[in-house]
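Step one of this worksheet: look at the structure below.
The values are calculated or read from the model by the stated rules, or taken from the named source; none is laboratory data. Here the structure is a predicted model, which is why all the values come from computation and not from measurement. Cβ coordinates were reconstructed from backbone atoms using ideal geometry, including for glycine residues, and neighbour counts include every protein chain displayed.
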Amino acid sequence: MPEVLPSFPFQYPAQAWLLAPSAEINFQHAFTKSVAQVPAWLKPPLLGVLHAVQALQPDVVAAVMVAIAVMLGLAMMAHVALDAAAGLCLFYSAVCWFVLNGIGFPYAQGTTDPGVFAAYAMTFLVVFGARSSLREAAGDRRRGADVLWDCARLAFGVLWLFDAGLKWLPAFLLHFTGQITSVIPGQPHWIAIWLGFVATVVSATGPVVVAVLVAIAETAIAVSLLTGRGLKIMLPFGTLYALAVWSTAEAFGGPYTAAGTGVRVNVLGNVIIYVMPFLFLWARLGERQHEAGVTQASIADRSARDNEVLSRPAS
C-alpha cells in the first residue's frame with residue numbers, strides 16, 4: 001500500500017491567521033467564535049484557552065501553530081519519524097477540535113458537521129493502521145495491526161453515525177434547500193451558477209425526499225463501517241458521497257479569502273478530508289482480500305500436492 005499521508009491542508013489555517021493583514025484579530029476571532037457557540041458547560045475551559053492565547057500574544061501562538069504544522073507535514077512527506085508525527089498530529093487534531101471547533105457546536109439550524117479536526121483525527125488514526133500493516137509481518141504482530149485498522153474503521157463509523165443521527169432531525173430534514181442556498185453568497189460566479197442549479201434540482205425533486213435520501217445514505221455508510229459488512233460497496237460509495245457533499249453543500253470549500261475559507265476557516269472544506277480515510281480503508285480492504293486469496297490458493301495447492309502423493313501407487 002503506498003504511503004499517501006496528509007500534510008498541506010493541516011498547515012493552512014494557522015498560516016492564514018499569521019499572514020493575513022488582520023492576523024491578530026482573525027486569530028482571536030477564531031477562539032472567541034468557538035466560545036460564543038458552545039453550550040454553557042463548555043465555555044469555562046474554552047475561555048481559559050482564550051485568555052491564555054491573549055496572554056501569550058496571538059501572533060506568537062499562531063507562529064507556533066505554523067511551526068508545528070510545518071514540521072509535522074515535512075516529517076510525513078519525508079517519511080521521517082512517521083509514527084511520532086502521526087501520533088502528534090492525532091493529538092494536535094484533538095486539541096484543535098476542542099479549542100477551535102468547540103467539538104462541533106453549535107448543532108443548530110440543520111448543522112450536522114462535528115468539525116473538520118474530527119475528520120483530521122480519523123485520518124491520522126487510519127495512518128497509524130497503514131503504518132502498522134506496512135511494518136508488521138505475519139503472526140501476532142500482524143494481527144495487532146489488523147486490530148488497529150478495525151479500531152480506526154469503528155471510530156470512523158461512530159463519526160458517521162453521529163452525523164447521520166443529526167440528519168434525521170427535523171432541523172435538517174425540513175431545511176435542506178437552505179443547506180445549499182446558504183453557501184451561495186460570496187462564491188465565484190461559476191460556483192454560484194452550479195449551486196443554483198443544484199438547489200433547483202433539489203426543489204424540483206422535493207427537499208424532504210432528498211434530505212431523507214441523504215440521511216439514509218449516511219446511515220448506511222455508518223452501519224457498514226461499524227459492522228464491517230458491505231464495505232466493498234460502501235467504501236467507494238462513501239468516497240463518491242463525500243465528494244458530492246463537498247461540491248454542493250460545502251461549495252468546494254469556498255468562498256476563499258486571505259484568512260481562510262467559508263467552511264469554518266478550513267482550506268478546501270470539511271467533507272473532502274473524509275475522502276482520505278475512505279481511500280485508506282478501501283486500499284486495506286483490497287489488501288485483505290488479496291491476502292485471503294493467496295492463503296486460499298496456498299491451501300488448495302497444498303491439498304492438491306497431498307492428494308497427488310496419496311494417489312501414487314505403493315512401490
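Checking each residue in the range 194-217 for being of a type outside the set (A, V, I, L, M, F, W, C) and in contact (Cβ under 8 Å) with a residue 24 or more places away in the chain picks out 203, 207. For residue 220, the conditions (1) free of Cβ contacts under 8 Å to residues at least 60 places away in the same chain; (2) closer than 18 Å to residue 274 by Cβ; (3) surrounded by fewer than 17 Cβ atoms within 10 Å (Cβ to Cβ) are fulfilled apart from (3). Inspect the range 244-256 for any residue being at pLDDT 90 or above and small (Gly, Ala, Ser) and give the result as yes or no. Yes, the range 244-256 contains at least one residue that is at pLDDT 90 or above and small (Gly, Ala, Ser). Residues that are part of a helix (DSSP H, G or I), within 11 Å of residue 211 (Cβ to Cβ) and touching a residue at least 40 places away in the same chain (Cβ under 8 Å) within the range 152-179 comprise 167, 171, 172, 173, 176, 178, 179, listed in sequence order. Considering only residues that are in contact (Cβ under 8 Å) with a residue 12 or more places away in the chain and surrounded by 14 or more Cβ atoms within 10 Å (Cβ to Cβ), which ones fall in the range 180-193? Listed by number, the residues that qualify are 180, 181, 183, 184, 187, 191. Might you let me know whether the range 270-281 holds any residue that is closer than 30 Å to residue 185 by Cα, of a type outside the set (D, E, K, R), more than 16 Å from the chain's Cα centre (by Cα) and modelled with pLDDT of 75 or more? No. Just one of the listed residues (2, 13) is under 26 Å from residue 127 (Cβ atoms), out of contact with any Lys or Arg (no Cβ under 7 Å at 6 or more places or on another chain), part of a helix (DSSP H, G or I) and modelled with pLDDT under 55, and it is 13.
Residue 105 passes every criterion in (1) within 22 Å of residue 128 (Cβ to Cβ); (2) at pLDDT below 85 apart from (1). For the range 25-62, how many residues meet the condition of being farther than 25 Å from residue 107 by Cβ, surrounded by fewer than 16 Cβ atoms within 10 Å (Cβ to Cβ) and either modelled with pLDDT under 80 or within 24 Å of the chain's Cα centre (by Cα) (or both)? Here the count works out to 2. With respect to the conditions (1) more than 14 Å from the chain's Cα centre (by Cα); (2) under 22 Å from residue 44 (Cβ atoms); (3) without any contact (Cβ under 8 Å) to a residue 60 or more places away in the chain, residue 94 falls short on a single one, namely (1).
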